[in-house]
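Enquirer: The structure under discussion is supplied below as structure tokens; questions concerning it will follow.
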Amino acid sequence: MTEVDHKKVLVAEDSSVIQNLLKKILLFENCKITSVKDGKKVLDKFESEDFDLIIMDINLPLLDGLAATKTIRSGKTKKSKTPIIGISGNAKNLPVSSFFEAGMNDYMQKPLDYDKLIELVKKHTGSI
């Protein structure tokens, strides 16, 4: 495999345990992972690098995942259309529409169903 074959995924998750699980699972799907732990770092990485997909926790420190998503979507470049999958342990407290209104393409509730996650990653990176 060459570097070109990898899908670049930005994982925005403040839990090291979930970050490591996501990294291990997505490596099997030929993804190159960059992890950050807060919403401000999401925006910094997003500006400095190109990604095929973002997996965004809703409850991030400094800037929550919904606000980070809205900021990304407010851009006027093709990059601002990067697919975003929201993840949350508190999805019951938010209406489903909140995820989509912020600009997310999909969302999953924690605990994560890793088969469903892989399905969504493939759907949004065109690797089906």
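Rule-based calculations on the coordinates, nothing more; no lab input. Keep in mind the model is a prediction, meaning the values are calculated, not measured. Virtual Cβ from ideal backbone geometry, glycine too; neighbours counted across all protein chains shown.
Enquirer: Exposure proxy check: Y114, Y107 ranked by fewest other beta carbons within 10 Å?
Expert: Working: Y114 14, Y107 21.
Final ranking by Cβ density, sparse to dense: Y114, Y107.
Enquirer: If each residue's Cβ is checked for other Cβ atoms within 10 Å, how do F28, F100, F46 rank with the fewest at the top? All intermediate terms of the calculation are to be shown ahead of the outcome.
Expert: Numbers: F28 8, F100 13, F46 22.
If I rank by nearby Cβ atoms, fewest first, I get F28, F100, F46.
Enquirer: Give the Kirkwood hydrodynamic radius (Å, one decimal) of the chain, defined as one over the mean of 1/r across all pairs of different Cα atoms. Walk me through the intermediate numbers first.
Expert: Details: mean 1/r = 0.0693 Å⁻¹.
Kirkwood radius, the chain: 14.4 Å.
Enquirer: Let me ask another. Which ordering of D5, D113, D57, D52 is given by a fewest-first count of other beta-carbon atoms within 10 Å?
Expert: D5, D113, D52, D57
Enquirer: Something else now. What residue among K79, K116, K37 has the largest mean-square fluctuation in a Gaussian network model of the chain, using Cα springs under 10 Å?
Expert: Checking each option, the largest mean-square fluctuation is seen for K116.
Enquirer: On to the next question. Could you grab the relative contact order for the stretch 3-123? Cα pairs under 8 Å, six or more apart, rounded to a whole percent. Numbers along the way, then the final one.
Expert: Working: 187 pairs, mean separation 27.2, N = 121.
Relative contact order for the stretch 3-123 comes out at 23 percent.
Enquirer: Something else now. Modelled label-to-label distance, L62 and T77, 7 Å Cα→beta-carbon offset: nm?
Expert: Result for the modelled spin labels: 2.0 nm.
Enquirer: Related question: Calculate for the chain the 222 nm mean residue ellipticity that helices alone would give, adding -39,500 (n - 2.57) per DSSP H run of length 4 or more and normalising by residue count, nearest 500 deg cm²/dmol.
Expert: Numbers: 5 runs with 50 residues, N = 128.
Computed ellipticity for the chain at 222 nm equals -11500 deg cm²/dmol.
Enquirer: Mean Kyte-Doolittle hydropathy of 1.6 or higher plus an axial Cα length of 30 Å or more: which whole DSSP H helices in the chain meet both?
Expert: Values: long enough: none.
Going by DSSP H runs, there are no hits.
Enquirer: Please get the size of the charge dipole for the stretch 3-123, origin at its Cα centre, with Cβ charges of +1 on Lys and Arg and -1 on Asp and Glu, quoted in debye to the nearest 20. Present the calculation step by step, with values, prior to reporting the outcome.
Expert: Details: 20 positive and 18 negative charges, 45 e Å.
The dipole of the stretch 3-123 has a size of about 220 debye.
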